[in-house]
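Some notes on the structure that comes next.
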Amino acid sequence: MSEEPGDFAVATHGLTKRFHRQVAVNAVDLRVPRGAVYGFLGPNGSGKTTTIRMLLGLIRPTAGRHRLLGMAMPDHAGDVLPLVGSLVEGPAFHPYLSARANLVRLDCVDRHADPRTTTVRVDGALDRVGLLAAADKKYRAYSLGMRQRLAIAGTLLAPRELLVLDEPTNGLDPQGTREVRHLIGSLADDGATVLVSSHLLSEVEQVCTHIGVMHVGRLLTQGPIAQVRAVGELRVRVETGQPEDAARVLRELGLTDVAVESGVAMGTLGKLAAEKVVVAMVHDGVPVTGFALQRPSLEDLFVSLTGEGFNVSG
């Protein structure tokens, strides 16, 4: 790795996992900067969870190496993992116990935890995720959103420098999704690095500073979200009462993928200066009632990289 190991909360080199003849993760080089909210994106089956399980030492890689918080794994797992909170493949709690009792049991199995401060830390974690008022409610009576927040509370019983959350909004309704999204943002504001895997692109765009895109076990691209999206070509959107004429002008200017909808003509800008589009429209007598430049969405970017829809993965 050419970069300084301490610059990244997660850094992998050639991380690979084979199950018999199937390559589930293929030579992945992750770079998660410290302090980032890193959206680890990909369709279900793209290798995200397998990668996360390797990062946390739950399964061994077939090849490659990785560091967490600047320390080599698994050699320094005893030093690193107490600083890492994780939620992998959904929460699992005793349904007949209260939220508080569940966290107390979880805390008791942590050999690094001081039993004299269990109550303070449990209540602090519950308060952090907004569940202190419902701490004595049975887990089975919790909504899905509350269950996910309780699972995140379990990762916060001790100070964490890195949080690894695998599909934390999976199965949630819009309200539960908003709750978890806001919580992730607040955890990052407090200084933690958050790696959050998801197949919900719109959610990731709202909370993440960096992204990595997985497809069939490979990492297609990664980096600051604005930088990754800037790779995609700009499209122009011309609102007009003469969309067919506007489309003709766009084609004459050399724009590609020109399309027409009701009252709108669109095309991929390429290297043409955007202001020339409006000038050409006016010159040809095409009335323009609205003009906009559109960056490709993350889904558009995924399609451009793979030729497939985001819900497709081998």
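In this structure, is T62 out of contact with any Phe, Trp or Tyr (no Cβ under 8 Å at 6 or more places or on another chain), surrounded by 20 or more Cβ atoms within 10 Å (Cβ to Cβ) and farther than 22 Å from L106 by Cα? No.
The numbered conditions (1) over 20 Å from K48 (Cβ atoms); (2) in contact (Cβ under 8 Å) with a residue 40 or more places away in the chain; (3) in contact with a helix residue (DSSP H, G or I) (Cβ under 6 Å, 6 or more places away or on another chain) are all true for G145 except (2).
Would you say L97 is crowded, with 18+ Cβ neighbours inside 10 Å and either in the same structural domain as R111 (by TED's automatic domain parsing) or out of contact with any Gly (no Cβ under 8 Å at 6 or more places or on another chain) (or both)? Explain how you work it out, then say what you get.
Working: crowded, with 18+ Cβ neighbours inside 10 Å: no; either in the same structural domain as R111 (by TED's automatic domain parsing) or out of contact with any Gly (no Cβ under 8 Å at 6 or more places or on another chain) (or both): yes.
No.
Checked against (1) of a type in the set (G, A, S); (2) surrounded by 15 or more Cβ atoms within 10 Å (Cβ to Cβ); (3) in contact (Cβ under 8 Å) with a residue 60 or more places away in the chain, G130 meets all criteria but (3).
Name the one entry in A113, A125 that is at pLDDT 90 or above, surrounded by 14 or more Cβ atoms within 10 Å (Cβ to Cβ) and not β-branched (V, I, T).
Values: A113 fails: at pLDDT 90 or above.
Answer to the check: A125.
Scanning the stretch 167-212 for residues being modelled with pLDDT of 90 or more and in a strand (DSSP E or B) gives a total of 8. Beta carbons closer than 6 Å, at least 6 apart along the sequence or on distinct chains, pair a first residue in the stretch 41-53 that is farther than 13 Å from E89 by Cα with a second that is of a type in the set (D, E, K, R) and assigned to a helix (DSSP H, G or I) for G42/K48. Of all the residues in the stretch 136-161, those that are of a type in the set (A, V, I, L, M, F, W, C), part of a loop (DSSP other than H, G, I, E, B) and surrounded by fewer than 19 Cβ atoms within 10 Å (Cβ to Cβ) number 1.
The values are calculated or read from the model by the stated rules, or taken from the named source; none is laboratory data. The shown structure was predicted, so the numbers you read here are calculated from the model rather than taken from an experiment. All Cβ positions, even for glycine, are placed from backbone atoms using ideal geometry, and neighbour counts span all protein chains on display.
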